[in-house]
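The values are calculated or read from the model by the stated rules, or taken from the named source; none is laboratory data. Please read these numbers as outputs of a predicted model, since none were measured by experiment. Reconstructed Cβ throughout: ideal geometry from the backbone, glycine too, with neighbour counts over all protein chains shown.
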Number of protein chains: 2
Amino acid sequence: MSERIRVLQFGLGPIGQACVRTLVEKAGVELIGAVDIDPAKVGKDVGDVVGLKNQLGIIVRGDAAQTLSVLKPHVVVHTTSSFLKGVEEQLLMCLRAGAFVVSSTEELFYPYERDSGFCERVDVVAHEHGVAVVGTGVNPGFAMDVLPLCLSSMCVSVKKIRITRVVDTGKRRLPLQKKVGAGISRAEFRERLAQGTFGHIGLRESALAVMGTLGWKLDEMTETIKPVMATKKIKTKFLMVKAGSVAGLHQKIRCTSGRKEVLTLELKMHVGVKGAYDGVEIDGDPPLSIRIDGGIFGDTATIAALVNAIPKIKNAKPGLRTMMELPVPYAFL
Amino acid sequence: MSERIRVLQFGLGPIGQACVRTLVEKAGVELIGAVDIDPAKVGKDVGDVVGLKNQLGIIVRGDAAQTLSVLKPHVVVHTTSSFLKGVEEQLLMCLRAGAFVVSSTEELFYPYERDSGFCERVDVVAHEHGVAVVGTGVNPGFAMDVLPLCLSSMCVSVKKIRITRVVDTGKRRLPLQKKVGAGISRAEFRERLAQGTFGHIGLRESALAVMGTLGWKLDEMTETIKPVMATKKIKTKFLMVKAGSVAGLHQKIRCTSGRKEVLTLELKMHVGVKGAYDGVEIDGDPPLSIRIDGGIFGDTATIAALVNAIPKIKNAKPGLRTMMELPVPYAFL
């Protein structure tokens, strides 16, 4: 790579901070700026905000539009929210500034069914400015969609795919442990579920991506989220889960096509997991079964997925893109 | 897919025949012709030649250039040889007829180091005619290159990759059993090795593809091929291997970069394998270890790789392409 890719970091939460720490290690990347809305971060040196030993000589900016137009990044690494709602203006702002975008927004991984209007608006602006945007990560973005799809390329026919991800959230950061309900009661779990925003964001997107990419007509999709209860006391680095309270969740999606169940995604995320793993079983010709013992460690892999997508999106055709349209992903070293 | 892809089969050996049997099952494909040099096949119905129950109303042609110019296929599935030598004219003929090409030629998977002149000539003609060509398969093409690369996308840094493929050739077709030397003596094994054409074709291409794609500077590559000896009598569907004779081969490539061993590819192909598998271990952040128990069944997966690449190559940028430049591969159902 002759010219270094000029990258701007949009959002300095835990994921954005980790992205910066990785970006500064990449020879092919020049970090040129960072924006965040948090007044406690704006005005400070990025190196200080993300916990580097050295300052970077780059000050966190609060005005994204202004910063984008002044700095003119090639690529923006966007890490602000899991949901389409709230990111549209941010994405459009980047695209209008002529920047390609890699985003951690889970719902953006395969956004077509959730909000076709959003997709059209983003796609139009991306085309107008000759740039592209993609959503990625480990899940959605790889473990339960891109990897199984990639494996399916070894099959002349596929009847059914079963994808499993078992995550020991006890080894992950605190927000994730809380996100899966570790430590709450069964009643609280039910309450949160009833509120409708509980559970892992993006499982639905993974399922839709696999169905849509393989061209399987989706007849019915059912999703269940159940608590996994702690049978004994579990202590993590951050919290204590009593026996009889919630350890985490078990989320499952089943998709049928032509009355047959063709796709199952099963995600178990709780503290106290014995034997975390990622698995894919393809009932096809030939049959294929893959297993990643220990599982793909999400805290780091999410950052890898985002950073490694930088050179891919920069060379992509203009528009709203998915990982399935970009070249085979690989490490950007 | 609105329009069916018009496909011509170029070469009707065992792989080409299996491709035809798969192609006729694909709704998105229309098989429009087949060519072969074997006088015993020319003039016969393709259905008869490939062992289908029904004739296809398509006669095997001997004159490839003439057939290509008359039929004008969108894509040619090319399955004639493992080596660059001998396929150049065939590929150029296809490209000049305006056809995209997916080829099983192992050396074409990553041909740059082996013959840069070949690459330039093919690339120029492909550009002139606005079409593209790619070499693929299970190995090279997936198990020991595309899959490990794809996994590396989950890592922020990679120190070393170790790729292993253990194949029970006793369960594969006879030519493959013979190819790995099953049944011959240790002396014969040495003789064949000395002749220089023995061993699995494409391991070198997989190694070069991983090194080149990750941008690792190759300092030294060493390749060894050793016999695996039968410790007891082994009987396969096709042949008998006596105790003390060769059961197959163990081929290994090590690549160093900056004096460190960064890549190891290890291929064991013999009869009597207990526990065939494909495995990738990445020493990186995070570390990753993947295992496919039983291994990817090559006889079928090779066909899948070729057929599933048809829609990808048809949408590729003109030129000589590699699988790493095409979008994520997946089943074309």
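Some observations on this one:
- Filter pass, B:Gln17 being in contact (Cβ under 8 Å) with a residue 24 or more places away in the chain, in the same structural domain as B:Leu306 (by TED's automatic domain parsing) and not acidic (Asp, Glu): yes
- For segment A:281-295, a residue qualifies if it is hydrophobic (A, V, I, L, M, F, W, C) and either assigned by TED's automatic domain parsing to the domain that holds A:Ala132 or in contact with a Phe, Trp or Tyr (Cβ under 7 Å, 6 or more places away or on another chain) (or both), and exactly one does: A:Ile292.
- Any hit, segment B:100-116, residues being in the same structural domain as B:Val24 (by TED's automatic domain parsing), over 21 Å from the mean Cα position of the chain (by Cα), closer than 16 Å to B:Ile310 by Cα and of a type outside the set (S, T, N, Q): no
- Top-ranked residue in segment B:58-93 [being basic (Lys, Arg) and modelled with pLDDT of 95 or more; ranked as surrounded by the fewest Cβ atoms within 10 Å (Cβ to Cβ)]: B:Lys72
- Pick from segment B:113-144, criterion of a type in the set (Val, Ile, Thr) and closer than 22 Å to B:Val167 by Cα, ranking: nearest to the other protein chains (Cβ to nearest Cβ): B:Val138
- Qualifying residue in segment A:71-80 (condition: more than 24 Å from A:Leu95 (Cα to Cα) and among the aliphatic types (A, V, I, L, M)): no
- Some residue of segment A:234-241 being surrounded by 21 or more Cβ atoms within 10 Å (Cβ to Cβ) and more than 14 Å from chain B (Cβ to nearest Cβ): yes
- Residue tally, condition touching a Lys or Arg at 6+ places or on another chain (Cβ under 9 Å) and part of a helix (DSSP H, G or I), over segment A:8-29: 1
- Residues satisfying the stated conditions in segment A:189-225, i.e. of a type in the set (Ser, Thr, Tyr) and modelled with pLDDT of 95 or more: A:Ser206, A:Thr213, A:Thr222, A:Thr224
- Just one residue in the set A:Thr67, A:Thr80 is in contact with a Gly (Cβ under 7 Å, 6 or more places away or on another chain) and outside any helix (DSSP H, G or I); that residue is A:Thr80.
- Residues in segment B:317-333 that are outside any loop (DSSP other than H, G, I, E, B) and within 8 Å of chain A (Cβ to nearest Cβ): B:Pro327 alone.
- Scanning segment A:15-32 for residues that are within 17 Å of the chain's Cα centre (by Cα), more than 10 Å from every other protein chain (Cβ to nearest Cβ) and among the β-branched types (Val, Ile, Thr) yields a total of 2.
- Selection status of A:Asp45, free of Cβ contacts under 8 Å to residues at least 24 places away in the same chain and either basic (Lys, Arg) or on the phi < 0 side of the Ramachandran plot (or both): yes
- Matching residues, segment A:196-233, being among the β-branched types (Val, Ile, Thr) and either outside the structural domain of A:Ser257 (by TED's automatic domain parsing) or farther than 23 Å from A:Glu261 by Cα (or both): A:Thr197, A:Val228, A:Thr231
- Meets criteria (buried (at least 23 other Cβ atoms within 10 Å of the Cβ) and among the aliphatic types (A, V, I, L, M)) for A:Leu333: no
- Restricting segment B:145-174 to residues that are more than 9 Å from every other protein chain (Cβ to nearest Cβ), part of a loop (DSSP other than H, G, I, E, B) and over 30 Å from B:Met93 (Cα atoms), the residue that is modelled with the highest pLDDT: B:Arg172
- Any hit, segment B:180-198, residues being under 18 Å from the mean Cα position of the chain (by Cα) and under 23 Å from B:Tyr112 (Cβ atoms): yes
- Pairs with Cβ under 6 Å, 6+ apart, first in segment B:264-275 and among the polar types (S, T, N, Q), second surrounded by fewer than 21 Cβ atoms within 10 Å (Cβ to Cβ) and assigned to a strand (DSSP E or B): B:Thr264/B:Arg162; B:Thr264/B:Arg254
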